[in-house]
Amino acid sequence: MQKFGKTLITDSGRRMLVQVDGAQGQITYTNAALFTQDIKDMSEEDQIALTALTGQQLITPVSVSQVTDTTVTVSASFNNSKVTEDLKFNSIGWYAKTSVDKKEQLMAVTPSLTEQTLVAGAEGASTSSLDIDMVFGRSHDTTVVLNPNQEGVVNSGQMQEAIDKAINDNAAQLKAELAKSYAAKDEVYPKQDVFSKEEIKSLAPLNAPDGNNVYDTTINLDTYSAVGTTKFLECKLQSSGQMSGFDQATDKLYGWIFNVPKWNGASELQQIVYICNYGQGTLTYARSRVNGEDTNVENFEKILTDKDLKAYADGVKDQIKNAGNVKSATINGGSVVTPDEQGNLSLQVDTYTKDESDKTFVKTVDGLKPDSTGNVQTDHYSKAEVDRLKNDLLSRIEAQENRELIHDAADYDTGLAYSKAHPHVLVATP
């Protein structure tokens, strides 16, 4: 792919223009040459200061194809008919001289953005040319002298003339063959089957290796109508039609746009957009669009790749695998329990017999609730303690009831002796 940087007039070239500016002098554009020297990364100031380039590969005379009051179009054609080995080059030098000093000097330089190759011409095969047109600004009174050398050179005009002639000859031959075929069948040759030069040329982008090339811009897919194949590089894509999975704010994209009429002459286009290396792979979209009709805008259908289908299938498998499976469980707000690989939950729950489950459990005792073991802690005596105290009290009562409180003695001496023997008994004597 041929892609060149900006052509700059050197300091020497500017001096030549000044020499003839406003005078009767003449400036003659002489030659252009291919060089191996790579100057694309040099600053503009350094490129303008160049007086020579290194590594000359091929030199060719230039021709002036158009002259206006303010510009001169200079053409160079590098033909490979006499090139025996492939020539690599990274820059082009443009040369001229004036009638003032008559010394050929480097007038301008053109950097190539990538290293390019002029292939060697094969014996007996058709040759090819690298044709370049360059427009130089000129003074109003400057005279341009044209010294063309056409030997072994095919300029762009001659090449286009030859292409047009071949197309017309092929169209005429095709028309004659079709007419002959219809005549053999006693049928009338339909005029709509005649292909004009313009119709055939309009289909060229469908067959060309590069098609229509678009660089570093925003492409509106709703209005872009170039028929055939369009290659875009470092571009943004926009459309009012939805493009699923694509962010239209993304820039620096590259890929292809295919605009194919539904039938010959139809305004409806079958539009396919192929975006390379976007995020996690390529994206492809397709839709129909009426050429030039902004109101007829469809959403794009996203064309799935094998990679997309596999990701979708894996997602469906995971959903099916996990469908209905318990993720976790808790009992009465306790610890979380997760299932094993088979989806089973292992739970431990306290069990009761039917008799136990039918019992009525105590809720409180004197307002006190049972503890976690079901016991109620109170400050009351237990039944055993109460029974023991009761029996002790009854024993004491019985002892008191059987106790002798007053003893009647028969005489004083007997009473005295009994009182000494029973000090807690009241003894009465006559």
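Quick notes
- Solvent-accessible area of Ser43, all protein chains in place: 50 Å² (probe radius 1.4 Å, heavy atoms, ligands and nucleic acids excluded).
- Nonlocal amide H pairs with Val214, under 5 Å, H built at 1.01 Å: Lys231, Phe232, Leu233
- List Thr338, Thr229, Thr84, ordered by accessible area with a 1.4 Å probe, largest first: Thr84, Thr338, Thr229
- Largest to smallest in accessible area, the residues Lys302, Lys88, Lys231 fall in the order Lys88, Lys302, Lys231 (1.4 Å probe, all protein chains included).
- Over 23 Å between alpha carbons, listed pairs Lys82/Lys231; Lys6/Lys252; Lys231/Lys252; Lys3/Lys262; Lys3/Lys231; Lys262/Lys307: Lys82/Lys231; Lys3/Lys262; Lys262/Lys307
- The 1.4 Å probe gives accessible areas that order Leu58, Leu233, largest first, as Leu233, Leu58.
- Placing a label point 7 Å from the Cα of Ile331 along the Cα-to-Cβ direction, the residues of the range 364-386 with a backbone N closer than 20 Å are 372-374.
- Highest mean packing first, where packing is the average number of other Cβ atoms within 10 Å per residue, the peptides 371-380, 3-12 line up as 3-12, 371-380.
- Near Thr10, the amide H atoms lying under 5 Å from its own belong to Ala108, Val109; only residues 5 or more places off or on other chains count, and H is placed 1.01 Å from N.
- Spacing of the modelled spin labels on Val376 and Leu309, each 7 Å from Cα toward Cβ, amounts to 7.6 nm.
The values are calculated or read from the model by the stated rules, or taken from the named source; none is laboratory data. All of these numbers come straight from a predicted model, not from anything done at the bench. Neighbour counts are summed over all protein chains in view; Cβ atoms, including those assigned to glycine, are modelled from backbone coordinates with ideal geometry. Surface areas here come from the heavy atoms of the whole protein model, side chains and all, with no ligands, DNA or RNA. Shrake-Rupley method; radii C 1.70, N 1.55, O 1.52, S 1.80 Å.
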